[in-house]
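Colleague: Before I ask anything, let me first share the structure, which is written out below as structure tokens.
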Amino acid sequence: SVVEIIFTDVSEDPVQDPADEPEEDPASVRSVLFDDAITTNWENWSWNTNGPKFESATGPDQQISQVINLSYTDGWGGLYFHKKSPLSIEQSDALQFWIKNENGQVAQGVTVSLYDTDNKRAKRIDLSAYATSTTQWQKVDIPMSALISENSEISGIVIQDGSGSAGEKYYIDQIKIVK
């Protein structure tokens with residue numbers, strides 16, 4: 001499989017006003033998966049996607065930065081980040097990220113899951129339970145209690161097409177596990 005990375009300026013994208021969000025306490029972040037780039041301890045194991053592509057764009061903080069431009073190229077495609085060594089999520093409260101869609105269909109047919117240390121999927125949840133359809137950046141907080149299995153360590157996180165067909169283009173940024 002070929003991974004294609006394309007940098008494009010999409011700075012004209014509308015964004016949510018960051019003044020609406022309280023400033024985040026750095027001590028509340030347990031692990032950062034993506035913020036301008038995939039972080040050192042995580043790897044891109046995505047499938048049936050456009051790579052994903054990383055683009056220079058106006059992010060949710062209204063700053064030009066690298067965001068993920070994600071398109072599912074075939075059914076059941078997944079934006080999958082694999083952890084090089086297991087991550088304990090015992091003291092973690094939520095999976096947090098920002099998402100938007102040019103057509104306002106953010107939550108339609110998209111699922112989110114964690115993978116345990118045996119690379120088995122825990123629960124699969126429908127993103128529409130935590131995100132509304134919007135063309136603006138939207139912060140998503142999914143409680144670990146909605147995602148967690150019996151295992152308190154994870155090896156991966158996937159944002160996946162749940163419709164079985166290629167679909168919309170999404171922008172995703174600032175993927176974190178927070179406490």
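Just so it is clear, none of the values below were taken in a lab; they were calculated from the coordinates. Owing to the predicted nature of the structure, the values given are computational and were not obtained by experimental measurement. Note that each Cβ is placed from the backbone with ideal geometry, even for glycine, and that neighbours are counted across all protein chains shown.
Colleague: With the checklist (1) surrounded by fewer than 19 Cβ atoms within 10 Å (Cβ to Cβ); (2) over 18 Å from Val32 (Cβ atoms) in hand, flag the one item Ser88 doesn't pass.
Modeller: Among (1) surrounded by fewer than 19 Cβ atoms within 10 Å (Cβ to Cβ); (2) over 18 Å from Val32 (Cβ atoms), the lone unmet condition for Ser88 is (2).
Colleague: So Tyr115 clears everything in (1) closer than 19 Å to Asn48 by Cα; (2) surrounded by fewer than 20 Cβ atoms within 10 Å (Cβ to Cβ) except one condition, right? Which one?
Modeller: Of the numbered conditions (1) closer than 19 Å to Asn48 by Cα; (2) surrounded by fewer than 20 Cβ atoms within 10 Å (Cβ to Cβ), the odd one out for Tyr115 is (2).
Colleague: Inspect the range 131-154 for any residue being buried (at least 18 other Cβ atoms within 10 Å of the Cβ), farther than 22 Å from Gln66 by Cα and among the hydroxyl-bearing types (Ser, Thr, Tyr) and give the result as yes or no.
Modeller: no
Colleague: Okay, moving on. Given the residues Val112, Val158, which is the only one that is in a strand (DSSP E or B) and in contact with a helix residue (DSSP H, G or I) (Cβ under 6 Å, 6 or more places away or on another chain)?
Modeller: None of the others qualify; the one that does is Val112.
Colleague: I've got another one for you. When the range 120-135 is examined, which residues are found to be in contact with a strand residue (DSSP E or B) (Cβ under 6 Å, 6 or more places away or on another chain) and not in a strand (DSSP E or B)?
Modeller: Leu127, Tyr130, Ala131
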